[in-house]
């Protein structure tokens, strides 16, 4: 029997699909597929991490991220440059010429009206209340990003935690440049 | 302090932040700035065809093509060139890392400035491929000249630096990094933070370590820092020493952010490794990609001693 899927609510509560909240040990559910409620934001994600301290140990950057979250106001942390934050899986065939390889990895980025942005371009004060969603799997063949195909997919709880924290670990660009 | 600055560039936006720092550094030291660009790798031996690093197209290395590339570079850095006049452009054909090293040597450069990547790449893939750009890896590994890596917009100009963090691990290469940081701090007149991260978790293979043991190791590291580094500082007292326990690259980044560092200086590989054999240390790679300020990788004493 497969693992029961999980649902993340806007309040940061991890619930089983039947509705009852997950118990105190989230580690056994890292392999479960996760869905996000429609009103989930990045703040919901961090509320979940705070609620389950064991998750902090998944990345050396989790505690730094939580410290950063605490520095910003508790609402209205958005930017008009972004429509929402999204995860995406990417399958990439590389090589020919060069050594042939296949990479499967997850991205976390800001979707804007006209173009996508790296989250490292923004402060937490612009990200925390942005809607958060799980995007498709994109298949890119031999580096041709213009001719790629999108597929519906699912994400495990671990993929979501690992991807978001990994990308946010690149935050920290100064916002007061330029002499 | 620096008379000749070598700025290696592809002319792409990925090098813009490095360009700003390179011009600024040259201006402060009234140094000659050599903008160095590698046209591309010949498709086969003695071929006149190269693959252009920006367009990816095959081009014949004719005088016209060289002039066109030079003109493109001048357009790209027009504003900086107008504000500072002591510059020249050098073009070469070949493998970028080898040509940069050759140019640094033949021009007797005092410092090499470059970006972390030749093109913008998504950070997700850095988990699976070589983290830093291949050119940077090879240059930092073999350069006898300090290499200044700029991955983000620089917060302050070189002369306005207030805090320099030097990450040390008591290795020989670390000593050169320290000397570079110390001489830079003394020259600019800013505070020097001598930092060491004690990775006790890996030392004890994942076992739980008591607080008493941690404090003992930290005190031991502080004693070594005083012996190896602080004793070299004569009467310079604008410094402090910090030892934190944890994963080195995470702790250095945290420390640099806490101190609002303007520059991080590190030896480019882990301790007790032959510099000729060492690859770009994973600690430096992780720091370079995440640091909010430029990172100087110092591996050899050549240029540091005369600073």
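Throughout, read-outs are computed from the coordinates displayed, never taken from laboratory work. This structure is a prediction, so every number in the text was calculated from the model and none was measured. Neighbour counts are summed over all protein chains in view; Cβ atoms, including those assigned to glycine, are modelled from backbone coordinates with ideal geometry.
So between residue B:160 and residue B:183, what do we pick up on full extension, going 0.36 nm a residue minus the alpha carbon distance?
Details: separation 23, 0.36 × 23 = 8.28 nm, distance 1.53 nm.
Length difference between fully extended and current span is 6.7 nm.
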- prompt: Can you work out the FRET efficiency for the pair residue A:104 and residue B:234, with r the C-beta to C-beta distance and R0 = 60 Å, to the nearest 0.05?
  reply: 0.60
- line: If one builds a Gaussian network model of chain A from Cα atoms under 10 Å apart, the most fluctuating residue listed among A:30, A:93, A:22 is A:93
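Can you work out the FRET efficiency for the pair residue B:258 and residue B:171, with r the C-beta to C-beta distance and R0 = 25 Å, to the nearest 0.05? The partial results should precede the final answer.
Numbers: r = 24 Å, r/R0 = 0.98.
The calculated FRET efficiency here is 0.55.
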message: Can you compute the FRET efficiency between residue B:75 and residue B:108 using 1/(1 + (r/R0)^6), with r the Cβ-Cβ distance and R0 = 30 Å? Round to the nearest 0.05.
response: 0.55
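Using the 10 angstrom Cβ neighbour count as an exposure proxy, how do B:7, A:122 rank, fewest first? Can you show the working numbers first?
Details: B:7 28, A:122 21.
Neighbour counts put them in this order, fewest first: A:122, B:7.
Which whole-number percent gives the relative contact order of chain A, counting Cα pairs below 8 Å spaced six or more residues apart? Please list the in-between numbers first.
Numbers: 330 pairs, mean separation 42.9, N = 179.
Reported as a whole number, the value is 24 percent.
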message: Can you give me the distance in nm between label points at residue A:4 and residue B:224, each placed 7 Å from the Cα along the Cα-to-Cβ direction?
response: 5.1
message: What distance in nm lies between label points placed 7 Å from Cα along the C-beta direction at residue A:141 and residue A:37?
response: 4.2
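Let a ≥ b ≥ c be the square roots of the eigenvalues of the Cα gyration tensor of chain A; is it rounded (a/c under 1.5), or, if not, prolate (a/b larger than b/c) or oblate?
Values: a/c = 1.71, a/b = 1.11, b/c = 1.54.
Judged from the Cα gyration tensor, chain A comes out oblate (a/c at least 1.5, b/c at or above a/b).
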message: Counting other beta carbons within 10 Å of each residue's own, what order do A:115, B:1 fall into, fewest first?
response: A:115, B:1
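Sorted from fewest to most neighbouring beta carbons within 10 Å, what does the list B:87, B:244 look like?
B:244, B:87
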- line: Expressed in nanometres to one decimal, the distance between label points 7 Å along Cα→Cβ at residue B:200 and residue B:86 is 4.9
